[in-house]
Ligand SMILES: Nc1nc2c(ncn2[C@@H]2O[C@H](COP(=O)(O)OP(=O)(O)O)[C@@H](O)[C@H]2O)c(=O)[nH]1
Ligand SMILES: [Mg+2]
């Protein structure tokens with residue numbers, strides 16, 4: 001496995017782990033690249049992809065090169081990615097979507113027919129041998145009979161000669177007058193020459209008769225032999241006819257067996273072809289990918305041909321499929337284009353897209369046969385027209401692809417064209433660069449890093465944009481602060497309610513002090529205790545009034561802050577929604593019950609001053625208290641009179657203090673409302689500012705993070721680019 005692949009996978013994986021802000025679709029894209037690169041690791045095969053516009057003739061070319069019966073049509077046809085390689089037997093398997101094959105080729109069983117065929121072949125041999133043996137025997141018997149006849153004929157000729165010699169001898173012995181010898185025979189005993197002559201005659205006659213008998217016997221024998229020969233001849237003819245008949249019979253059986261075997265083979269071929277059509281044709285139920293094995297393609301084992309749907313197909317999913325296959329698999333691309341309209345713009349654009357993925361690209365200009373005949377029909381010079389078309393193609397490609405490449409002119413349909421195309425590609429297969437695969441992996445790795453860099457660049461832009469957007473968010477917030485002002489009547493209303501409540505409380509509190517003081521005065525039994533008590537009371541009255549004023553001002557502060565909180569929260573009226581701020585205020589609302597929610601930070605300026613204002617009004621009440629007259633005068637009066645005098649003073653003082661508090665609180669109404677509003681605004685501003693700063697810091701930090709990641713990947717990529725295999 002080339003180092004670049006593992007290096008790229010490691011870089012991408014690490015970056016993905018460190019970048020939780022990557023969006024799901026970006027993550028999916030990077031993970032897809034990782035899978036693509038990873039898949040290439042253990043696959044040594046070189047993939048040659050046939051790409052181009054629909055109907056350019058890609059499938060027809062692959063078909064011509066491999067003999068695989070891929071569906072070809074005048075209309076757009078190929079909808080699946082087809083991987084074709086050499087195998088021991090015809091085979092295909094289809095994958096739909098997931099990576100496990102879902103359908104594969106199961107051939108029809110042709111074993112029975114094959115056995116039949118073998119039997120018929122054996123039977124033919126046996127019958128032929130039997131008939132031949134018989135025929136040979138008959139031939140041999142005939143030959144024997146024939147040679148016997150020949151020999152007998154020779155013997156007969158010899159016997160005929162002997163016979164005629166014997167007859168001549170006999171005639172010679174008899175002389176010219178044979179009849180005389182019967183007369184002379186009586187004289188034979190007297191005359192020795194006659195006797196000798198007579199002996200001679202008798203001897204030659206016997207010899208002659210013997211020879212004649214012999215000849216007659218031979219003639220009979222020859223007749224028999226001839227008859228025998230004739231019989232053998234008949235037998236021979238029968239044997240010959242038998243042999244011919246047997247041969248014919250065996251031949252017939254064999255032909256039948258051959259036919260049913262080839263029918264079975266054809267049925268399988270048809271099945272294979274129709275299944276392929278079903279799996280590939282746009283109009284049927286095409287699979288995603290199909291792997292096809294062919295036993296008789298003349299391509300090297302380590303090469304896979306890839307037929308793809310046209311990249312200008314109307315179906316987006318097919319375009320994507322074709323493109324993904326090219327990205328992931330194509331080590332070498334063959335751009336197929338109709339010679340009659342060579343290299344249209346879509347094809348040229350494809351070249352630009354291919355560049356980062358494809359180390360080697362070549363061009364096949366198809367349908368040369370059609371171009372030739374069309375030129376001929378138009379009365380043009382066909383060869384010139386073709387040369388012209390090729391040079392147009394070459395010129396157009398040149399602007400988009402400057403690496404070395406082949407440009408072939410081919411035809412894919414007629415058998416002789418297919419043969420020529422095959423032989424044209426033969427050299428090409430043999431000369432495929434051995435590092436094509438490694439180079440492609442390298443390119444893909446570099447491209448994947450580039451893609452990640454693009455994603456990071458987009459993130460940097462997004463970060464920068466949202467940094468400037470923080471101001472926009474605060475603009476919005478300030479606009480809402482303006483809205484707060486509109487809440488003034490509401491604030492005043494609530495403040496009035498608060499004041500009324502506090503006034504009531506003040507009255508109650510002072511009333512209860514008054515009660516206590518009066519009880520204390522009334523409880524004095526002597527003038528001495530009365531004096532002491534009154535002196536103490538005068539001191540503590542100031543403290544008590546101060547205490548009440550402080551408590552009230554605390555309540556006022558608390559109440560004002562609550563109003564500020566309620567108004568700021570708006571209780572549904574002013575809600576800061578659609579930006580960061582609303583989230584924060586919701587968070588707060590979640591933490592605290594709405595009715596409890598109050599202004600916590602900052603404080604209400606009114607609250608801080610109220611205490612002072614309230615207590616500064618107290619002087620008059622104290623003077624009223626002191627207005628009870630001098631202690632000596634008091635003590636000179638009878639005890640009961642003194643007590644009622646003091647009590648009177650206490651009542652006046654408390655009344656004055658209540659009045660004083662009420663007046664002051666009434667005067668505070670506007671100021672408090674105003675302060676509530678200001679505080680709310682100030683608080684809003686502070687919070688916005690704080691969050692804005694936090695947000696800015698966060699964004700700046702992550703911007704820095706993305707920038708450093710980008711720089712890191714960029715340098716690693718550059719290193720990878722330098723170390724091209
Ligand atoms: N005469 C002729 N027709 C061809 C040739 N190549 C393809 N065709 C026809 O062009 C049409 C489209 O071919 P096909 O291979 O399906 O195109 P693809 O979409 O690029 O795969 C079909 O009707 C083919 O028969 C060729 O070399 N000569
Ligand atoms: Mg096709």
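Just so you know, all these numbers are worked out from the coordinates, no wet-lab data involved. These figures come from a predicted structure and were not determined experimentally. Note that we place each Cβ from the backbone using ideal geometry, even for glycine, and neighbour counts take in every protein chain shown.
Using a Förster distance of 51 angstrom, determine the FRET efficiency expected from the C-beta separation of residue 223 and residue 122, and round it to 0.05.
My answer for the efficiency is 0.60.
Please compute the alpha carbon radius of gyration of region 29-99, then divide it by the globular-protein estimate 2.2 N^0.38 Å. Two decimals is fine.
1.32
What's the angle, to the nearest 10 degrees (0 to 90), between helix 382-398's Cα axis and the longest principal axis of the chain?
Approximately 30 degrees, to the nearest ten.
Taking the Cα centre of each part, how many Å lie between region 1-64 and region 412-449?
Between the Cα centres of region 1-64 and region 412-449 lies a distance of 19 Å.
Taking the simple approach of a point 7 Å from Cα along Cα-to-Cβ for both residue 194 and residue 461, what is their distance in nm?
16.4
For helix 639-722, report the angle its Cα long axis makes with the longest principal axis of the Cα atoms of the chain; keep it between 0 and 90° and round to the nearest 10°.
Once rounded, one gets 20 degrees.
Round to the nearest 0.05 the FRET efficiency obtained for residue 38 and residue 75 when R0 = 35 Å and r is the Cβ-Cβ distance.
0.40
For 183, 135, what ranking results if the residue with the fewest other Cβ atoms within 10 Å of its Cβ goes first?
183, 135
Report the gain in length on full extension from residue 723 to residue 515: 0.36 nm times residue separation, minus Cα-Cα distance, nm rounded to one decimal.
Computed gain between residue 723 and residue 515 is 65.0 nm.
Only counting other Cβ atoms within 10 Å, I'd like 220, 529, 66 sorted with the fewest neighbours first.
220, 529, 66
Within 10 Å, count the other beta carbons around each residue, average over each peptide in 638-650, 398-410, and list them highest first.
638-650, 398-410
On a full-extension model of 0.36 nm per residue, what is the gain between residue 177 and residue 349, subtracting their alpha-carbon distance, rounded to one decimal in nm?
Once the chain is fully extended between residue 177 and residue 349, it gains 48.6 nm.
Using Cα-Cα distances under 8 Å and only pairs 6 or more residues apart, what relative contact order does the chain have, in percent?
19
Mean projection of the alpha-carbon convex hull of region 111-276 over all orientations, in nm²?
14.0
Just report the Cα centroid separation between region 68-104 and region 354-392, whole Å.
Using only Cα atoms to place each centre, the spacing works out to 28 Å.
Which of rounded, prolate, oblate describes region 59-129, given a ≥ b ≥ c as roots of the alpha-carbon gyration tensor eigenvalues and a/c under 1.5 marking rounded, otherwise prolate only if a/b is larger than b/c?
Prolate shape, in that a/c is at least 1.5 and a/b is the bigger ratio.
Kindly identify region 1-52 as rounded, prolate or oblate by the Cα gyration tensor criterion: order the square roots of the eigenvalues as a ≥ b ≥ c, call it rounded if a/c is under 1.5, otherwise compare a/b with b/c, prolate if a/b is larger, else oblate.
Cα axes put region 1-52 in the oblate bin.
Counting alpha carbon pairs within less than 8 Å and at least 6 residues apart, what relative contact order, in whole percent, applies to region 111-276?
47
Once the Cβ-Cβ distance between residue 377 and residue 130 is put in as r, and R0 is 60 Å, what FRET efficiency do you end up with, to the nearest 0.05?
Efficiency, rounded to the nearest 0.05: 0.40.
Hey, rough spin-label estimate for residue 186 and residue 483, points 7 angstrom out along Cα→Cβ, what's it come to in nanometres?
Taking the simple label geometry, residue 186 and residue 483 are separated by 19.2 nm.
Within 10 Å of each residue's Cβ, count the other Cβ atoms and sort 336, 72 from fewest upward.
Exposure proxy ranking, most exposed first: 72, 336.
Which angle between 0 and 90 degrees, to the nearest 10, do you get for helix 580-591 versus the longest principal axis of the chain when only C-alpha atoms count?
70
Multiply the residue gap between residue 454 and residue 633 by 0.36 nm, knock off their C-alpha separation, and tell me the result in nm, one decimal place.
Length gained, residue 454 through residue 633: 54.5 nm.
What's the ranking of 149-160, 321-332 by average number of surrounding C-beta atoms within 10 Å, highest first?
For the peptides 149-160, 321-332, the packing ranking is 321-332, 149-160.
In nanometres, what is the gap between the two model label sites at residue 391 and residue 258, each 7 Å from Cα along Cα-to-Cβ?
So the two model labels end up 5.4 nm from each other.
Pull up the DSSP beta bridges for the chain and report the antiparallel fraction as a percent, rounded to 5.
Roughly 30 percent of the beta bridges in the chain run antiparallel, per DSSP.
Just order 516-527, 656-667 by mean Cβ neighbour count inside 10 Å, highest at the front, would you?
Going from most to least packed, we get 656-667, 516-527.
Is it possible to state the helix-based mean residue ellipticity at 222 nm for the chain, with each DSSP H run of 4+ residues giving -39500 (n - 2.57), the sum divided by total residues, to the nearest 500 deg cm²/dmol? What is it?
Calculated mean residue ellipticity at 222 nm is -25500 deg cm²/dmol.
Classify the chain as rounded, prolate or oblate from the Cα gyration tensor: take a ≥ b ≥ c as the square roots of its eigenvalues, call it rounded if a/c is under 1.5, otherwise prolate when a/b beats b/c and oblate if not.
In terms of gyration-tensor shape, prolate.
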